[in-house]
Amino acid sequence: MGAEPATLDPALSTGVPEAIVELSCFEGLTRMDANNIPQPAIAESWTISDDGLVYTFKLRQAKWNNGEPVTAHDFEWSWKRALDPETAAEYAYQLYYIKNGEAYNTGAITDPDLVGVKALDDYTLQVTLEQPTTYFLQLCAFPTLMPVYRKVVEADPEAWFYNVNNYIGNGPFKIVRWEHNSKIDLVPNEHYWNRDAIKLTNLTFYLIEDTQTALSMFDTGELDMFDSPPATEIEGLKQRGVLLINDYLGTYYYMFNVTAEPLDDVRVRKALTMAIDRQELIDRVVRGGQLPAYAYVPFGMPGGTVGSDFREEGGDLYKEDLEEAKKLLAEAGYPDGKGFPTLAILYNTSENHKKIAEAIQEMWKKNLGIDVRLTNQEWQVYLDSRDALDYQVARAGWIGDYVDPMTFLDMWMTDSGNNDSGWGNPRFDELIVAARSNMDPAARAKQLHEAEKILIADEMVVMPIYFYTNLNVVQPWVRGVEFSPLGFINFVNAYVLER
Amino acid sequence: MGSYILKRLVSGVLVVLIVATATFMLMRSIPGGPFRREKALPAAIQRNIEARYKLNDPLWKQYLDYMKNMLRGDFGPSFKYIGRSVNSIIEDGFPVSAVLGGVTIIFSLVVGIPAGIISALNQNKWQDNLAMGIAIVGVSVPSFVMATLLMYVFAVKLRWFPAAMWGTPRHVVLPMLALSAFPTAFFARLMRSSTLDVLSQDYIRTARSKGLSWAAVVYKHVLKNSVLPIITYLGPQAAAILTGSFVVESIFAIPGLGRYYVTSIYNRDYTTIMGVTIFYCIILVALNLLVDIAYSWLDPRIKLTEAKE
Amino acid sequence: MEYSPELFQQVPKDIASAEAIVRPSVTYWQDAWRRLKQNKMAMVGLWTIAAILLIAIFGPMVSPYSYSDQDLASQNQGPSRAHWLGTDDLGRDMLTRLMYGARISLTVGIMASVLNLTVGVIYGGISGYYGGRVDNIMMRIVEILTAIPMLLYVILLMVILEPGLQNILIALGVVYWLSMARIVRGQVLSLKEQDFVLAARTIGASDWRIILKHLVPNAMGPIIVTATLNIPSAIFTEAFLSFIGLGVSAPMASWGALASDALQGFRTYPWQLFYPAIAISITMFAFNFLGDGLRDALDPKQRK
């Protein structure tokens, strides 16, 4: 499954591997189904006020794995704990949608009673939001919004989750053993409200970082599944029929520093973007069945009408076109790449990033006649260079936080901490702000499409390369595992065939 | 001797303090931080976290606080593994690395020393060529390649051993082989060289002509002559092997201490970087002291205390 | 050989020449070189190293490909007429990449052994010979440099300096003489109490002369073993440092980097892994042969 979890406290955790364990041991008000639609979980049903601000959840008679009932008070306490500045939760901003959530977390107010979450009785929870948020029910399935068992957390707020006996969850499984840096053993939670649905008798997460090692253990039958196999082995695994390719809400792209010559010229940015062969890159280098990205927001996001896809609605925002690219480069003053300064691509240390950069370097050289240098930096040094705009072209990737185009677009607002391109556009900012509180799905989608068009078709701030896929290698006898496009894995419905 | 050991202990403490200080300064002068993420955190959250881990204190105060706690034997809480202390990380990881490292050292001595002697006694015959050939190929293959190939051949193809993880004696074999390639080759080459050295001496020819057997020659003269470089090498090498190897532990998914030397730096897990570095430094200083004491015990002519001028 | 009267002539009775030492013209080093030349294996090693160096220097000039030329359509091919050693995962010519890699890896390897044989040997020699307080301070410095995590200052170098081979040499320069220094110091501690050192001192030899002419040659065995075995570890350290971004920039790749690239797909394309491994092995054999020869040549005990 990857590295040793940094924590298994749902309120404090940030990584996908941690979330996979927490999704197995805890359950929020909702749980995402195989189609990524939030379904009732601990909440049996809910009503939403007409202005979209007040959610009233009706909870079912669920129990913690020690037999105690899970109540609305547990949720209220857990959410306020996650927002408490003392808790110092990194993902506290997942709760900023709730009224006064941000104010309480930032210390602007100190009274937790003002936060918009309240248990009306043991089984009714009322949540008031700052502004209408179309994807709030999805967030309710996230680790940050999961309830924790107050008594054990209060007894040892920092390290309660290290003792498996204290790891009291309300989810489908419970941990029976955690060997640090080695493995985590789980068995079904007998008190889970939907216990009958669980068919697995035990579940073990092996904490292995090296994918070659995971592949070896898979081959010896010691592992039933693992993710992200080495690119060179993908072809062989496909032929053996053990590779599952699932959607993943993420885009791999190169980001331009628009303040640096010659990239301050949009024609240069467009020329570079048009002059690579994405399908070839995917087929020959990355190999994971990814989709070439001709826009920024990936497939799988809701569009303006019910059931529509944002990407299909928006279509491609540019085309690969070598002639056009050469023409644009000549217009910018560099016919056949003459006089073009040496360009540097910055990437963080990884075999895959290196290979992709090498391939693109060669494509630009062949197609446009420009010289490109590769700069490889250790992860945090790379983040620093990006932040300081100390680069020309930088590799980047973005994985959505929730299933809505907004998670891909609001990061490009002028003052966003995630916008490391030096680019800003008042019209773009206006559109995002307007879309945030727009309750009309069709009008909102229109605003987001226009924003994306400014970002890509007009300004080409980023050069999209491909939309990620989620690659998992799974033994043929393992069935029913659900892969979320956010990278989570749901084992509730998993089962193993007789071998 | 007593005063010498005392003097060394004092200078050892000084070494640890200098290493701790230098590491602290280096670590705080490289970019990044323990809570630096690709997705930028809202400023308020960043502030909350820094307040909780006292990262907003002035640097000199953080340094003094750390040193004070360190001298009490408290390495502080990890910045990456929330709620875990660095002490408990070392307590969990070190025994695993030490077992693997101990087995590795014993293996490389037991294989390397005889291999070197046999090579020398059969200089330029097939035994010599074979042993030295294996030794050279053994050091010419990088440890990450060696580890992966061993796993592939002996676990995936032959199924003799489990591919990875830790727990039973069978889990020890492959990582031990990967880890011992270098020291074994070193001991074998060193022994061969020392043995040839001794064999060419006149007094050995005399001893041989007086009917002393090869076994006695090896035992009396060769071992005595070559033990010095071997334990010299063994000091720092044992410190490194016993506290774990990053490459081998990562590839074989072994829950030892070795992985933390590299990952803690990537994670900018400040307290863990300091903790494992200081721990390694203490072991290194202690083993080097043992080596020096062993010198004067093995070779009474060696006087450590007397200055030349 | 025929003996003829011309070959014999009377030695003139010249006091000066009678008092002269019989072998004055043959210095220690000339003698060592003479004996090295007689050692067949050592010469094989020397010529092999020379050949690899020549290939590294001139091979890339002759090759029709460059290390970066890609042909994605013909990726991961086996050996063929066009690509003698096949192609890698991006369709680049393996042989060309291997020849370029030799430049980096040999530079690093030779640099490491030079560092060992100069800094390491002299540092260790001084520390061991003077002993006492000098030794204590010098060896504590070695401990300090051993204990500080390399990765930390490597990242710092990465921030300060432009990427390139010189960074690797700096990073290796900090640590790659430490083990040698300890080994030499240990040997010298033992050797300096022996009679021949006392003898040298009585005839008034300087400390430098004693260290370099008497102590170091007698420790040649462990020195050579340490120096040769440090070569591959320096080559692999270079690969690791380049991987994290300190060394030469991709697509240029050293042997160590080629091996780690090839490891990704070794189940399907094992030969890609063998080339760099074989190249390193051949180099190591050559250095070991040469090293053994040097030890025999330099060790005064074997001087006849």
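The values are calculated or read from the model by the stated rules, or taken from the named source; none is laboratory data. Keep in mind that what you see is a predicted model, and the values were worked out from it rather than measured. As a convention, Cβ positions derive from the backbone with ideal geometry for all residues, glycine included, and neighbour counts pool all protein chains shown. Ligands, DNA and RNA are excluded from the accessible area calculation, which covers all protein heavy atoms including side chains. Shrake-Rupley method; radii C 1.70, N 1.55, O 1.52, S 1.80 Å.
A simple rule links phi to the HN-Hα coupling: the Karplus curve 6.51 cos²θ - 1.76 cosθ + 1.60 with θ = phi - 60°, which for the stretch A:84-100 gives 4, x, 4, 5, 6, 7, 5, 8, 4, 5, 5, 9, 5, 6, 7, 3, 6 Hz, with x for Gly and Pro.
Among the GluC sites (Glu not before Pro) found in the stretch A:190-257, those both in a DSSP coil and sparsely packed, with 13 or fewer other Cβ atoms within 10 Å of their Cβ, are A:190.
Over the C-alpha atoms of chain C, the Rg to Rh ratio, Rh being the Kirkwood estimate, stands at 1.10.
From helices alone, chain C scores -20500 deg cm²/dmol at 222 nm; the rule is -39500 (n - 2.57) for each run of n ≥ 4 DSSP H residues, then divide by the residue total.
Each chain gives up part of its surface: B and C jointly bury about 5500 Å² of accessible area, both sides summed, for a 1.4 Å probe.
Candidates C:61, C:223, C:250 compared by Cα position along the dipole of chain C: farthest toward the positive end lies C:223, with charges placed on Cβ. Based on the Kirkwood approach, the hydrodynamic radius assigned to the stretch B:239-283 is 10.5 Å, with every pair of different Cα atoms included. Under a model in which nothing but the beta-carbon of Lys, Arg (+1) and Asp, Glu (-1) is charged, chain C shows a dipole of about 680 debye around its Cα centre. Take B:140-151, A:27-38 and order them by the average number of nearby Cβ atoms within 10 Å per residue, most first; the result is B:140-151, A:27-38. Relative to the dominant Cα principal axis of chain C, helix C:40-62 is inclined by about 40°. If I build a Gaussian network model for chain C, linking alpha-carbon pairs within less than 10 angstrom, which residue out of C:267, C:97, C:182 has the largest mean-square fluctuation? Comparing C:267, C:97, C:182 in the GNM, the peak value goes to C:267. Residue by residue along B:42-51, Cβ atoms of other protein chains within 10 Å of the local Cβ number 6 on average. Applying 1/(1 + (r/R0)^6) with R0 = 45 Å to the Cβ-Cβ distance of residue B:215 and residue A:165 gives a FRET efficiency near 0.15.
Per the 1.4 Å probe, what fraction of the accessible area of the stretch B:86-298, in percent, lies on carbon and sulfur atoms?
About 71 percent, which is the carbon plus sulfur part of the accessible surface.
For the stretch A:320-418, applying the loop criterion from DSSP together with a ceiling of 11 other beta carbons within 10 Å to the trypsin sites (Lys or Arg not before Pro) yields A:338.
Shielding value for B:75-84 is 5, the average number of Cβ atoms from other chains within 10 Å of each residue's Cβ.
Residues whose amide H comes within less than 5 Å of that of residue A:317, counting only those at least five positions distant or on another chain, are A:295 (H built at 1.01 Å from N in the peptide plane). Largest GNM mean-square fluctuation across B:32, B:138, B:256, computed for chain B with C-alpha springs under 10 Å, falls on B:32. Using the Cβ-Cβ distance between residue C:134 and residue B:72 with R0 set to 51 Å, the FRET efficiency from 1/(1 + (r/R0)^6) comes to roughly 0.90. Ranking B:182, B:252, B:218 by Cα position along the charge dipole of the stretch B:86-298, where only Lys, Arg, Asp and Glu carry charges on their C-beta atoms, puts B:218 farthest toward the positive end. Taking each residue as 0.36 nm, the span from residue A:280 to residue A:497 lengthens on full extension beyond its C-alpha to C-alpha distance by 74.3 nm.
Entry note, chain A: the mean residue ellipticity at 222 nm calculated from DSSP H runs of n ≥ 4, each adding -39500 (n - 2.57), is -7500 deg cm²/dmol after division by the residues and rounding to the nearest 500. Taking each of A:327/A:355; B:210/C:40; A:118/A:151 in turn, the alpha-carbon distance tops 24 angstrom for A:327/A:355; B:210/C:40. Among the listed pairs A:183/B:157; B:303/C:192; A:270/A:319; A:174/A:199, those with a Cα-Cα distance over 18 Å are A:183/B:157.
The residues of the protein assembly as shown have, on average, 40 Å² of accessible surface per residue, using a 1.4 Å probe with all protein chains present. For the stretch B:150-173, a decrease in accessible area of 20 Å² or greater in the assembled protein chains relative to the isolated chain, with a 1.4 Å probe, applies to B:151, B:152, B:156, B:159, B:163, B:164, B:165.
Label separation (residue A:51 vs residue B:56): 3.4 nm, computed from points 7 Å beyond Cα along the C-beta direction. Across the stretch B:139-153, rounded Karplus estimates of 3J(HN,Hα) from the backbone phi angles (6.51 cos²θ - 1.76 cosθ + 1.60, θ = phi - 60°) give 8, 8, 9, x, 5, 6, 6, 4, 4, 5, 5, 4, 4, 5, 6 Hz, Gly and Pro being marked x. For peptide C:226-237, the mean count of partner chain Cβ atoms within 10 Å of a residue's Cβ comes to 4.
The C-A contact accounts for approximately 2500 Å² of buried accessible area, totalled over both chains at a 1.4 Å probe radius. Accessible surface comparison of B:16, A:127, probe 1.4 Å, protein chains only, largest first: the order is B:16, A:127. Couplings for the stretch A:113-123, taken from phi via the Karplus curve 6.51 cos²θ - 1.76 cosθ + 1.60 with θ = phi - 60°, read 5, 7, 5, x, 10, 8, 7, 6, 8, 4, 10 Hz in order; Gly and Pro are left as x.
Mind listing P(r) for the stretch B:86-298? All alpha-carbon pairs, 10 Å bins, whole percents. With 10 Å bins starting at 0, P(r) equals 8, 28, 31, 21, 9, 3, 0. The charge dipole of the protein assembly as shown, taken about its Cα centre with unit charges on the Cβ of Lys, Arg, Asp and Glu (plus for the first two, minus for the last two), comes to roughly 5480 debye.
Within the listed set C:102, C:200, C:234, the Gaussian network model of chain C (springs between alpha-carbon atoms below 10 Å) gives the highest mean-square fluctuation for C:200. Just the protein heavy atoms count here, and of the accessible area of chain A at 1.4 Å, carbon and sulfur take up 48 percent. Comparing A:480, A:41, A:73 along the charge dipole axis of chain A, the residue lying farthest to the positive side is A:480, per the Cβ-charge model. Rolling a 1.4 Å probe across all protein chains gives residue A:77 an accessible area of roughly 50 Å².
Checking buried surface per residue: for the stretch A:98-114, which residues lose a minimum of 20 Å² accessible area in the protein assembly relative to the chain alone (1.4 Å probe)? Those residues are A:105, A:106. Sorted from greatest to least, the principal axis extents spanned by the alpha carbons of the protein assembly as shown come out as 126, 70, 60 Å.
In this structure, the amide hydrogen of residue A:392, modeled 1.01 Å from its nitrogen in the peptide plane, lies closer than 5 angstrom to those of A:344, A:346, counting only residues at least 5 positions away or on a different chain. Name the residues of the stretch A:156-191, by number, that are at least 20 Å² less accessible with every protein chain in place than in the isolated chain; the surface is that of heavy atoms, probe 1.4 Å, without ligands or nucleic acids. The answer is A:158, A:162, A:180, A:181, A:182. Annotation: amide H-H contacts under 5 Å for residue A:207 (H modelled 1.01 Å from N, sequence separation of 5 or more, or interchain): A:182, A:183, A:184. Computed extension gain for residue A:239 through residue A:154, at 0.36 nm per residue and net of the alpha carbon distance, reaches 25.4 nm. Counting only residues at least eight positions apart within a chain, or on another chain, the lysines with an alpha carbon under 20 Å from that of residue C:37 are C:301, C:304.
For the stretch B:86-298, a simple Cβ point-charge model (Lys and Arg +1, Asp and Glu -1, everything else neutral) yields a dipole of about 720 debye relative to the Cα centre. The stretch B:106-184 and the stretch A:287-364 have their alpha-carbon centroids 48 Å apart.
As a fraction of the 1.4 Å probe accessible area of chain C, surface on carbon and sulfur atoms comes out at 68 percent.
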